[in-house]
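Chemist: One structure, as structure tokens, below. Some questions next.
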Amino acid sequence: MQKVQRKSGIELLRIICMLMIIVLHVYTYGGLNQLSNAQGGRFEVMSDFMWSFFRTPVNVFMIITGYFMSKDVLDFKKSYRRIPKVYVTMLFYSILLTVLSFIIYSNNGFSPSETANNLTSADKLEIATINKLSGRFAVYSIIKMFFPLLSKQWYFLTNYVIILLLSPFINKVLVEIDKKQFKILLGLLFVFLSIYPTISTMGGLKEIFSTKVLPIEYGKSMISFLFMFIIGAYLKRFVKDDEKLHFKYLGYFVGLCIIDFSLYYFLGNVTFNKVGFYNASVFGQFSNPFVILESVSIFLFFRGFQFKSRIINYIAGTTIGIYAIHEHPLIRSFIWSHNELGDPNLYNNFLGIMFVIATIFKIFIICSVIDMARQGLFSGVTKLVQKFKKNTTSEEA
């Protein structure tokens with residue numbers, strides 16, 4: 001099989017997806033979600049409408065992975081080549097960011113109550129523990145620091161590495177089935193990993209359908225990641241890339257976002273509000289059928305871009321680092337406590353909205369530059385090791 005050349009269009013999509021993830025974190029940790037719920041009315045409607053366009057990045061990242069890692073042979077060496085790079089990156093940031101967080105909190109102190117709306121209970125507990133110890137690491141923080149894959153620091157990266165480990169076996173199975181069989185497989189997975197979990201969490205229907213049959217954590221589980229990987233493999237094998245930009249896919253994406261929001265708004269807040277037929281959790285699930293179709297649509301749209309850019313490709317190569325830095329439990333607490341985006345006055349004027357957008361790009365750029373420095377460091381160390389081995393070999397000869 002010929003080596004797949006990455007396209008800058010898809011690399012651009014990686015960048016956009018990471019920006020979308022930061023936007024989602026503005027809602028979750030930055031206080032925008034709490035603010036919109038408190039404000040209600042037109043502000044809440046507009047906030048939820050915009051939010052509906054940012055639900056796809058996690059799915060898209062795994063679709064891209066399946067698209068590029070689907071092989072027609074069982075090649076462990078090639079399949080596992082990326083795993084050490086990802087894990088070393090995880091370990092590097094896990095140690096560095098934990099130590100940095102400890103220094104910040106032990107020197108300056110940090111009260112979880114200052115940003116109670118922006119932190120999870122686990123974040124507040126860990127920060128409170130560090131403050132209380134005043135100079136010593138919490139034992140469990142040390143364990144998590146050295147074993148990031150087994151801890152809950154980065155669920156995305158943990159699931160991602162697991163999928164990489166399974167990928168050669170998955171590909172071995174997928175290559176043996178034809179297009180018709182592949183469609184049947186995708187249909188079954190769509191029913192059991194998207195439609196059924198969505199129905200089972202809907203108001204009155206959750207009293208009929210069990211949520212324990214297929215616990216997929218709203219599309220954040222390893223099983224859901226596997227589903228997205230398989231979708232990417234199907235798109236690679238059977239959806240022809242005619243190297244044209246099809247705006248119909250962008251239209252599908254926008255239309256599906258609007259439909260999903262409309263169902264959430266009218267069924268959840270107007271028509272069936274009294275019986276609770278539809279709820280907000282369904283609207284936000286990554287496993288939502290509409291969100292999955294949106295993910296496929298936006299991927300196919302960007303696949304049609306035909307250009308090459310070393311800059312785009314280089315920046316896209318820092319996305320894992322950007323995620324690891326700003327989503328580290330202790331670092332994200334620091335970031336969002338120093339970027340007060342839950343102020344209602346920010347969203348009442350143009351300059352305020354521009355400030356929010358600038359903050360999103362600021363987080364992206366700073367984290368990207370940090371990861372570029374990490375890559376430079378790793379590259380330099382690798383060259384020194386290779387040079388040392390070469391000199392050692394020459395001397396022995």
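The values are calculated or read from the model by the stated rules, or taken from the named source; none is laboratory data. Keep in mind that this is a model prediction, so the values were computed, not measured. All Cβ positions, even for glycine, are placed from backbone atoms using ideal geometry, and neighbour counts span all protein chains on display. Please note that ligands, DNA and RNA were not included when accessible areas were found on the heavy atoms of the full protein model with its side chains. Shrake-Rupley method; radii C 1.70, N 1.55, O 1.52, S 1.80 Å.
Chemist: In terms of solvent-accessible area of protein heavy atoms at a 1.4 angstrom probe, what is the ranking of Val369, Val26, Val45, highest value first?
Modeler: Solvent-accessible surface, decreasing: Val369, Val45, Val26.
Chemist: Once you place label points 7 Å from the Cα toward the Cβ at Thr392 and Ile311, how far apart are they in nm?
Modeler: Between Thr392 and Ile311, the simple spin-label model gives 4.2 nm.
Chemist: Expressed in nm², what is the orientationally averaged projection area of the convex hull enclosing the Cα positions of the stretch 162-258?
Modeler: 8.3
Chemist: R0 = 30 Å: FRET efficiency of Leu214 with Leu150, Cβ-based, nearest 0.05?
Modeler: Computed FRET efficiency for Leu214 and Leu150 comes out at 0.80.
Chemist: From the square roots a ≥ b ≥ c of the eigenvalues of the alpha-carbon gyration tensor of the stretch 1-104, which class results: rounded (a/c under 1.5), prolate (a/b over b/c), or oblate?
Modeler: oblate
Chemist: With labels modelled as points extended 7 Å from the Cα through the Cβ direction, what inter-label distance (nm, one decimal) is found for His338 paired with Arg42?
Modeler: In this crude label model, His338 to Arg42 measures out at 3.7 nm.
Chemist: Moving to a separate point now. Applying 1/(1 + (r/R0)^6) with R0 = 35 Å to the Cβ-Cβ distance of Ile357 and Lys183, what FRET efficiency is obtained, to the nearest 0.05?
Modeler: Computed FRET efficiency for Ile357 and Lys183: 0.30.
Chemist: Quick one: which of Lys179/Lys240; Lys152/Lys236; Lys172/Lys212; Lys78/Lys240; Lys77/Lys144; Lys7/Lys220 span more than 22 angstrom between C-alpha atoms?
Modeler: Long pairs (Cα-Cα over 22 Å): Lys152/Lys236; Lys172/Lys212; Lys78/Lys240; Lys77/Lys144; Lys7/Lys220.
Chemist: Using θ = phi - 60° and the Karplus relation 6.51 cos²θ - 1.76 cosθ + 1.60, list the HN-Hα couplings for the stretch 171-183 in order, rounded to whole Hz, with x at every Gly or Pro.
Modeler: Couplings: 4, 4, 6, 5, 6, 7, 10, 8, 4, 5, 5, 5, 5 Hz.
Chemist: Something else now. In terms of solvent-accessible area of protein heavy atoms at a 1.4 angstrom probe, what is the ranking of His326, His338, highest value first?
Modeler: His338, His326
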